[in-house]
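Each reported figure results from applying straightforward, stated rules to the coordinates on display, with no laboratory input. Computed from a prediction, not measured in an experiment: that's the story for all the values here.
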Amino acid sequence: MGSYSILQQILLLERVFTFQPDAVYFVATPTDAHRALVHLVQQVRRGMEIPFEAVAEIAEEAGLSSDLRETEAMRRMQPHADEILDWALADFASRVRARGATPVWVYLYLPQQDDVEHADVRALERRDGDAGFLTLDLFDVYDGQDLDALAASLYDRHPNAAGHRVIADRLFRELTTREQLGLPLDQPTSEGER
């Protein structure tokens with residue numbers, strides 16, 4: 001789910017498992033750690049209990065409580081962002097593997113110029129590989145493309161139809177050349193073709 005934090009996605013895995021997937025893909029962005037903290041802080045400020053013991057212990061250690069202002073809560077939790085993300089990624093991968101599926105980490109971001117360096121993505125990829133994911137780096141998916149032509153608008157940098165086509169073509173190429181990503185390559189398509 002696009003704007004869900006990884007903590008929310010972990011909670012949704014039980015629904016995913018009803019489909020008995022061969023692989024479960026986590027699409028990562030540079031904002032995953034921040035998004036997890038924002039979700040966590042919002043839930044605690046609403047008085048909701050943290051459903052993950054490890055994360056609850058980190059929040060307690062940081063002094064997170066429902067009576068804190070959001071800015072203070074974020075300030076207290078920020079030093080723990082990587083720790084929470086690392087825990088969440090390992091938990092996600094572990095749950096997927098326990099169901100006999102392959103966890104796949106996919107790096108994909110918006111068609112825009114930003115300050116994310118490929119070395120940063122490679123570091124994330126190594127970290128997620130350590131967490132038990134197979135990794136798929138789509139950092140360069142938009143290379144050589146007119147980024148404005150792939151975005152919904154100048155103000156909404158999410159991919160438009162052309163941007164989704166670029167992503168789909170690359171993802172299809174990866175799926176059909178890397179069997180470990182979960183696509184059975186030896187089975188015909190629905191039209192009986194290979």
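Based on alpha-carbon atoms only, what is the radius of gyration of segment 1-51 relative to the globular estimate 2.2 N^0.38 Å?
On the way: Rg = 12.4 Å, N = 51, 2.2 N^0.38 = 9.8 Å.
Segment 1-51 yields a ratio of 1.26.
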(request) Would you mind classifying segment 1-118 by shape? Square roots of the alpha carbon gyration tensor eigenvalues, ordered a ≥ b ≥ c; an a/c under 1.5 is rounded, otherwise it is prolate if a/b is larger than b/c and oblate if not. (result) oblate
